[in-house]
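One structure is given here, and the rest of the page talks about it.
Just so you know, all these numbers are worked out from the coordinates, no wet-lab data involved. Every value quoted in this text rests on a predicted model; they were computed, and no experiment measured them. Glycine also receives a Cβ, built like all others from the backbone with ideal geometry; neighbour counts cover every protein chain displayed.
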Amino acid sequence: MTDTTPTAQPANDGTGSEEGGLDGVSQSYKRFGLHRQPDNSIVYREHAPGVAKASLIGEFNQWDVEANPMTRDEFGTWTCVVPPNADGTPAIPHNSKVKIAMVTPTGERIDRLPAWIQRVVQDLSVSPVYDAVYWDPPEQYAWKHKAPSYSEAGLKIYEAHVGISSPEGKIGTYDEFRVNILPRIAALGYNAVQLMAIMEHAYYASFGYQVTSP
């Protein structure tokens, strides 16, 4: 601790003054990644201080690295704004593939999945490589049930992981968890469930804990 604190403290101080403290950093998903604006333009931000150039590419612009270049600020954050189509609809369709194209200081071109992408998919019939897709369904999810009320008796919390809750050698599903596991938890007297790793990262060897893209 004595050796590492002097090194870590400047970074911690910078986080406090420049990024809104720990609370601000924890909500970086609201600023970084792809976000549709009220006018249907889409703002994309990525923190990549070590590259010389960056641009957003995807099916929406035929993977053209010149179509949507990004600009860099003093902290190494790259930004671009994709204006809406002429008819006012978003230029990036829901569920279409995207990547960030970058050029390193040595001139090497590299393409990567956006770090704050909300969804990645894999088609093993084509390739084991994961694809990032822009996720913005036309109909937002509507909650079907009210939030549970707080019990004055206090919480009795059962910690669970949906994916490893199946006795079979596979990744368990939420429906299987609902049918097979929840009744057992309730029967044991628990009144709250803490679900681990609900992010469901595509690389499942980490049990879904990795929240950035592969």
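Miscellaneous remarks
- Of the Cα atoms belonging to segment 15-133, the radius of gyration and Dmax stand at 15.0, 48 Å.
- Option label - Rg/Rh (Cα atoms, Kirkwood Rh) computed here, alternatives (i) 0.98; (ii) 1.22; (iii) 1.03: (iii)
- Based on Cα contacts under 8 Å between residues 6+ apart, segment 15-133 shows a relative contact order of 23 percent.
- When you count the other C-beta atoms within 10 angstrom of each residue and take the mean per peptide, 136-147, 46-57 line up highest first as 46-57, 136-147.
- Multiplying the residue separation of Q118 and V193 by 0.36 nm and removing their Cα-Cα distance gives an extension gain of 24.6 nm.
- Dipole orientation for the chain: of the candidates W78, T106, L34, L34 has the Cα lying most toward the positive pole (charges on Cβ; Lys, Arg +1; Asp, Glu -1).
- Cβ-based exposure ranking for E152, E66, E176, in which fewest neighbours within 10 Å come first: E152, E66, E176
- Assuming charge only on the beta carbon of Lys and Arg (+1) and of Asp and Glu (-1), the dipole of the chain about its Cα centre is about 480 debye to the nearest 20.
- Pairs exceeding a 31 Å alpha-carbon distance, out of K144/K170; K30/K146; K97/K146: K97/K146.
- Expected 222 nm ellipticity per residue - DSSP helices of 4 or more, -39500 (n - 2.57), all of the chain, to 500: -3500 deg cm²/dmol
- Potential lengthening between S26 and V129 on full extension [0.36 nm per residue; Cα-Cα distance subtracted]: 34.2 nm
- The relative contact order of segment 59-103 comes to 38 percent, based on Cα pairs under 8 Å that sit 6 or more residues apart.
- Rounded to 10°, Cα long-axis angle of helix 5-18 versus longest principal axis of the chain: 80
- Peptides 68-76, 121-129 ranked from most to least packed give 68-76, 121-129, packing being the mean of other C-beta atoms within 10 angstrom over each peptide's residues.
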